[in-house]
Amino acid sequence: MRVIIEDSPAAACVKAACIIGEQLQRKPASVLGLATGGSPVGVYDELTRLHNCGELDFSKVITFNLDEYVGLGPDHSQSYRFFMRTHLFDHVNLPQGSTHVPDGRSLDFDSYCESYESKIREHGGIDLQLLGIGTDGHIAFNEPGSSLGSRTRLKTLTSETIRDNARFFGSEDAVPRLAVTMGVGTILESRCCLLIAYGEHKASAIAKAVEGPVTAQVTASALQLHRDVIVVLDQAAATQLNRQAYYREVEDAQSLLESGQLGKLGIGDE
Ligand code: PGA
């Protein structure tokens, strides 16, 4: 796991967008896994800015979102399809039909969820999956206790998640009780996972996810089993990490490697 600690939420968003941008430069026809919630908004703003500057092209990109509330149609102001249109899809050159957000109004969720998984496979799997983290340690809507092998399915939201998300709906009563969500197993099949978190209220969940035991009680901890995970944090979200100094040393060494200053790493004769 690579842990990058930036000075501010804004700097963390720029860093995360830069990592996504590098993915698109490397592979213009990337399959991106996208997330919703407060955390990705600044990332999408930066991706939009890079697109407007002519630095990012989404014309060959395919996207799959992690989740959607059950019962909300695409035009509901709190649906994740609506969120994605507002924050990204309407601002970049993603072709019509290239974006996928689970449908929260299916009449047969079992077969719908299977077809969502099939579509991901048909597109060759997700190259890079953007993730936020809940204060209860969830990724997507994989609440504590979700199987670490779980696939796309219906999930009941915890009271903590309902409380956290009430800010978007005006009251807890207005938050849907169920969501369709990619499973932990689905997420772990992405080639790379990019987890972002800002703020002190995320510090405990981040410490458990990054340095705690792998447990279904903190589904983000399953990322420790993945071979290519990047965690981008602001300082506040990093405060409960024990190995902050080491993560900074790793990033310093990485930038020396990237800038070719090999002598400073004891490589060669420089
Ligand atoms: P947030 O939520 O980005 O709105 O804090 C993240 C999540 O619950 O996954």
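Summary of values
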quantity	calculated
Cβ-Cβ under 6 Å pairs, at least 6 apart or on other chains, segment 242-270 side not assigned by TED's automatic domain parsing to the domain that holds ALA209, far side open to solvent by 60 Å² or more (accessible area, probe 1.4 Å) and part of a loop (DSSP other than H, G, I, E, B)	LEU262/GLY268; GLY263/GLU270
Residue check, HIS123 more than 17 Å from ALA216 (Cβ to Cβ) and either away from the ligand (no atom under 16 Å from the Cβ) or in the same structural domain as GLY38 (by TED's automatic domain parsing) (or both)	yes
Flag for THR86 being away from the ligand (no atom under 12 Å from the Cβ), over 24 Å from ASP173 (Cβ atoms) and hydroxyl-bearing (Ser, Thr, Tyr)	no
Conditions (1) of a type outside the set (Asp, Glu); (2) farther than 22 Å from PRO213 by Cα; (3) touching a residue at least 60 places away in the same chain (Cβ under 8 Å); (4) within 13 Å of the ligand (Cβ to nearest atom); number of the one not met by LEU157	(3)
Tally, over segment 246-270, of residues that are among the aromatic types (Phe, Trp, Tyr) and under 15 Å from LYS15 (Cβ atoms)	1
Top-ranked residue in segment 65-107 [being small (Gly, Ala, Ser) and exposed (fewer than 15 other Cβ atoms within 10 Å of the Cβ); ranked as farthest from SER39 (Cα to Cα)]	GLY97
Single residue of GLY125, GLY137 found to be within 29 Å of GLY21 (Cβ to Cβ), modelled with pLDDT of 95 or more and surrounded by fewer than 16 Cβ atoms within 10 Å (Cβ to Cβ)	GLY125
The one condition in (1) outside any strand (DSSP E or B); (2) closer than 29 Å to HIS51 by Cβ that GLN129 fails to fulfil	(1)
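The values are calculated or read from the model by the stated rules, or taken from the named source; none is laboratory data. Since this is a predicted model, take the numbers as computed values, not measurements. Backbone-built Cβ (ideal geometry, glycine too); neighbour counts: all protein chains shown. With ligands, DNA and RNA removed, areas are computed over all heavy atoms of the protein, side chains included. Shrake-Rupley method; radii C 1.70, N 1.55, O 1.52, S 1.80 Å.
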